[in-house]
1. Got a number for residues in the stretch 14-64 being over 19 Å from Val81 (Cα atoms), over 28 Å from the mean Cα position of the chain (by Cα) and charged (D, E, K, R)?
2. Restricting to helices (runs of 4 or more DSSP H) lying wholly in the stretch 209-291: which have 1 or more residues that are touching a helix residue (DSSP H, G or I) at 6+ places or on another chain (Cβ under 6 Å), within 21 Å of His332 (Cβ to Cβ) and charged (D, E, K, R)?
3. Return the total of residues in the stretch 38-59 being open to solvent by 10 Å² or more (accessible area, probe 1.4 Å) and either in contact with a helix residue (DSSP H, G or I) (Cβ under 6 Å, 6 or more places away or on another chain) or assigned to a helix (DSSP H, G or I) (or both).
4. Being within 17 Å of Pro240 (Cα to Cα), of a type outside the set (Asp, Glu) and modelled with pLDDT of 90 or more, is that true of even one residue in the stretch 276-293?
5. From the list Leu114, Leu124, Leu56, pick out the single residue that is of a type outside the set (D, E, K, R) and closer than 26 Å to Ser38 by Cα.
6. Tell me, yes or no, whether the stretch 302-310 has at least one residue that is out of contact with any Gly (no Cβ under 8 Å at 6 or more places or on another chain), closer than 17 Å to Leu211 by Cβ, crowded, with 24+ Cβ neighbours inside 10 Å and not aliphatic (A, V, I, L, M).
Amino acid sequence: RLRDETMTKSLGTQHVANLLWSFAVAQQRPEMVHGLTSRAMEMANEFRSQELTGLLWAFAGAGWSESALIGPLARSSTLKVLDFRADELATVAAALARLNQDSSGLYRSCLQRLGAVPARWIALSADEVVATLWALARAKKHLTVEMSSIETNIIEAAAAACVATADRFTAGQISSVLAALTRLVPVPRDHLVLQLLQKLHQGQRLSPAALVEVVSAMATVNTRERLAPILDLVRETFVPGRDCRALTTTQVARLALAAGHLAVRSLAVAAVKEASLRGGLQPFELAHLAFGAALCSLLDQPMASTVEVLQAAFQSPWAALPAALAERSQVHIAQLTACSLGHSSLLSSTAIACEEAAQLQSQNEERLPTAAYEVGSVVKAIYGKSVPAVVRYEVLAAGLSIDI
């Protein structure tokens, strides 16, 4: 009956929004409710902000990306930008970006509305702060927008507001805030991240997924001595290997990468071992795993699980992934490490594409700091450990050259 357009003419915006939301969340295809989708396109400009937010969030989750349906809703959202709450605006921006719609205007509108004034962030509830930051991080991932200094200040104002009102956040919410901050600002202010990490409520158990976000945030700061108790908790949780099974494959890869930056060998071993037990690893996951293994010296006397992950990383079709500069840089560094330790048998002819990352960077208009950050991490780890080895790595972009 819902396919029949004549049966849906009498439905109002709330009924249409609720029904479509239900079908999308149930992972049904839009053609199953053609009458409803046609009605939604007709009344796109009549939907209220809350209805648009729920619809677009559900459509993004279900992959309803048909332009005939999404286009009118996206245009309506842009016209009603002033009607949305900040967290709704961020959610809509994230949903549209995931649906391959241009939502850069909504993304920036959300940042401008909140501004670099901590009081505006404090006025939001804890749930709204978390939802807004997380949605902004998702939108940025899909938009690949570069943050201006003003926008970076806005995000740091949000972090300052979270620190000032940390008592109202649960430990899980703080881990979500940290996860969003490290995605929005690659190298957040150390003192803000440190204060948030120290605000984690003692005695309140964090889920394995939340702990991955916490340890990833720890990897972004330079001063880690005061975070030893948290790192001990992370070790106790993951090193036995049992709780690694509760993580998604991407979370396992991020755990390995964080372990590499923190030079926690036992943690990297646990993550790589868990990854080797799973199939279908994505190239970016393999890159994180290989890089984490290289940073933790797992390539010195590699176990079977490490060899398996490295071979998969080196044999990935990197030539077909020209935009994955950071990941190819990570794999290239792992290759250099393997070569320097005499493990040439691990290498593959297809891995040569990784060596072209520097040249392809300028062609893809990638930012220099993306690769420089990863390369700098390796150099810091080598110098910090006084490893008797030399890694020569060159990054070329926009006429600039860094030879390390």
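1. So the answer is 3.
2. Working: elements: 228-238, 249-262, 265-276.
Fully inside the stretch 209-291 and qualifying: 249-262.
3. First, the residues of the stretch 38-59 that are open to solvent by 10 Å² or more (accessible area, probe 1.4 Å): 38-39, 41-42, 45-46, 48-51, 53-54, 57.
Those still in the list that are either in contact with a helix residue (DSSP H, G or I) (Cβ under 6 Å, 6 or more places away or on another chain) or assigned to a helix (DSSP H, G or I) (or both) too: 38-39, 41-42, 45-46, 49-51, 53-54, 57.
So the count comes out to 12.
4. Within the stretch 276-293, the first condition is being within 17 Å of Pro240 (Cα to Cα), and the residues that meet it are 276-277.
Going one step further and asking which of them are of a type outside the set (Asp, Glu), we end up with 276-277.
Cutting the leftovers down to modelled with pLDDT of 90 or more gives us 276-277.
Scanning the stretch 276-293, I find at least one residue that is within 17 Å of Pro240 (Cα to Cα), of a type outside the set (Asp, Glu) and modelled with pLDDT of 90 or more, so the answer is yes.
5. Values: Leu114 fails: closer than 26 Å to Ser38 by Cα; Leu124 fails: closer than 26 Å to Ser38 by Cα.
Only one candidate passes the filter, namely Leu56.
6. Narrowing the stretch 302-310 to residues out of contact with any Gly (no Cβ under 8 Å at 6 or more places or on another chain): 302-310.
Cutting the leftovers down to closer than 17 Å to Leu211 by Cβ gives us none.
Within the stretch 302-310 (the criterion being out of contact with any Gly (no Cβ under 8 Å at 6 or more places or on another chain), closer than 17 Å to Leu211 by Cβ, crowded, with 24+ Cβ neighbours inside 10 Å and not aliphatic (A, V, I, L, M)), the answer is no, since none of the residues qualifies.
The values are calculated or read from the model by the stated rules, or taken from the named source; none is laboratory data. Quick caveat: nothing in here was measured; it's all calculated off a predicted structure. Note: ideal-geometry Cβ built from the backbone for every residue, glycine included; neighbour counts use all protein chains shown. Note: accessible area is taken over every heavy atom of the protein model, side chains too, but ligands, DNA and RNA are not part of it. Shrake-Rupley method; radii C 1.70, N 1.55, O 1.52, S 1.80 Å.
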